[in-house]
Amino acid sequence: MKIENVLCAVVRSGFFNWDLVAIKAGAKANGFAFDGKPVTPGFTSICQPGTALSVILRLEDGQVAFGDCLDVILTGFAGRDPLFIAKDQKVVVEKEIRHRLIGRDLGKFRPLAAEIDGIVHNGKVIHTGLRFGITQALLHAVSLAHRTTMAEVIANEYDCVIAKAPIPILASSLHLDDNLMIDRMIMKQAELLPHASIHHVERELGSDGGKLVAYASRLTKRIKEIGAPGYRPGIHFDVYGTFGELFKLDLNDIADYIGKLEKAVAPHDLLIETPVMCKSKKEQIVALRDLKSVIKKKGLKTKIIADDWCNTLQDIKEFVDAGAADIIQIKIPDLGGIHNTIDAVLYARRNDTGVCLGGTGNETDQSARITTHIGLACNPSFLMAKPGFGGDEALMILTNEMVRTLALIEHGNARGK
């Protein structure tokens, strides 16, 4: 089976892009918007709707595969590629990539993905967002050509064992005070929650950290009040380096504060993502590794998750090899081609490091579905809910795609017998 034609369409992403540099510099929130001028190149405002580019592959037999190109919310920061502007990237696909795909055989996914991941335009490797979306489309196309699921394509090419049950999901709220969304996720028994992007010390932690501790206590109480008997989700906070800001990178003080949070969420497990945010990858690895050591010495059980500065397959290998985190957040669009994500999950697992197969609320329904196939084939610790931050929709999309895929695989196996 071959690719007959390649089309592009500018579409909506699942959320927004934020200029984190401007926000941390003190930009004032004005409803959902922010007052002031952006700082990071490419932004026209501090908060602006994300854009995506859908790459559509028409196959010889009329079947259609597609993948969506986009970037993460906090783009152009911590070593990431610049803001993804879909209309500009559409030109790159049409002029530089389209002719490379038309007529290509769809026997294998992996070599095609590696080729796309290395394309150079204007002296630079093409944007991670393009590599992300085009390789999605290729995986989808190969699965259609072989009339099998994308999870089975991955399992066959990477020698994986497909999961027997859906992968746990981290339900993601945008704000700590989205109480109705959190209630719904408790009632639906999401395996982890609330994520809750925490960017600002005074607003979300409090001058002494007391705001977040009080919130953690309220959340634990609420789970007990309305959760099903025996429901014990993990409690996850993504804090974007604010612990380091609050305690001036004093690792002992940060660990003591984490101990207060751990006590507040008991008996639930606590997971903290990006407790410190350093100015370079090397500094980030050292800080997280040392903080993890201090936490262990204090007898705490909290798991530390690495995200920022951990953007590529090579970055992930370096974080894993250094023992810098208990869990690696693999933010899929940052890795470019999705074959890199597959390699990253498998590398972390082989080296006894947990994996959050994540991404961004700025993704689309298609990129989220394809993530579940990677998850089923590679068995990460959990998935991050996406797209968006409404809770219900993302939980539905991920869960239903996994359940449907497992049903198809079971039926195919049964038929084979």
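In the stretch 285-392, which strands (runs of 3 or more DSSP E) lie fully inside it and hold 1 or more residues that are among the small types (G, A, S)?
Filter on the stretch 285-392 gives 303-306, 354-357.
Looking at the stretch 368-417 only, could you name the residues that are among the acidic types (D, E) and modelled with pLDDT of 95 or more?
If the condition is that a residue be among the acidic types (D, E) and modelled with pLDDT of 95 or more, then D392, E393, E401 are the ones that fit.
Among the candidates P267, P275, single out the residue that is under 23 Å from L219 (Cα atoms) and exposed (fewer than 14 other Cβ atoms within 10 Å of the Cβ).
Being under 23 Å from L219 (Cα atoms) and exposed (fewer than 14 other Cβ atoms within 10 Å of the Cβ) holds for just one of P267, P275, which is P267.
Of everything in the stretch 260-284, what is part of a loop (DSSP other than H, G, I, E, B), farther than 20 Å from V201 by Cα and of a type outside the set (S, T, Y)? Give them in sequence order.
A266, P267, H268, D269
Find the helices (runs of 4 or more DSSP H) located wholly in the stretch 120-238 whose residues include 3 or more that are buried (at least 18 other Cβ atoms within 10 Å of the Cβ) and over 22 Å from the mean Cα position of the chain (by Cα), and list them.
128-146, 210-226
Give L139, L176, L144, L193 a once-over and let me know the one that is closer than 16 Å to G107 by Cα and in contact with a helix residue (DSSP H, G or I) (Cβ under 7 Å, 6 or more places away or on another chain).
Checking each option against the conditions leaves just L139.
Looking at the stretch 1-41, which of its residues are under 16 Å from G76 (Cβ atoms) and of a type in the set (G, A, S)?
S13, A22, A25, A27
Consider H236 carefully, then state whether it is out of contact with any Pro (no Cβ under 6 Å at 6 or more places or on another chain) and at pLDDT below 95.
Against the criterion (out of contact with any Pro (no Cβ under 6 Å at 6 or more places or on another chain) and at pLDDT below 95), H236 does not qualify.
Hey, among the residues in the stretch 84-119 that are among the small types (G, A, S) and surrounded by fewer than 15 Cβ atoms within 10 Å (Cβ to Cβ), which one's nearest to I330 (Cα to Cα)?
Once the filter is applied, the top-ranked residue is A114.
The values are calculated or read from the model by the stated rules, or taken from the named source; none is laboratory data. Not measured: the values here are computed from a predicted model. Don't worry about glycine lacking a Cβ; one is built from the backbone with ideal geometry, like all the others, and counts go over all protein chains shown.
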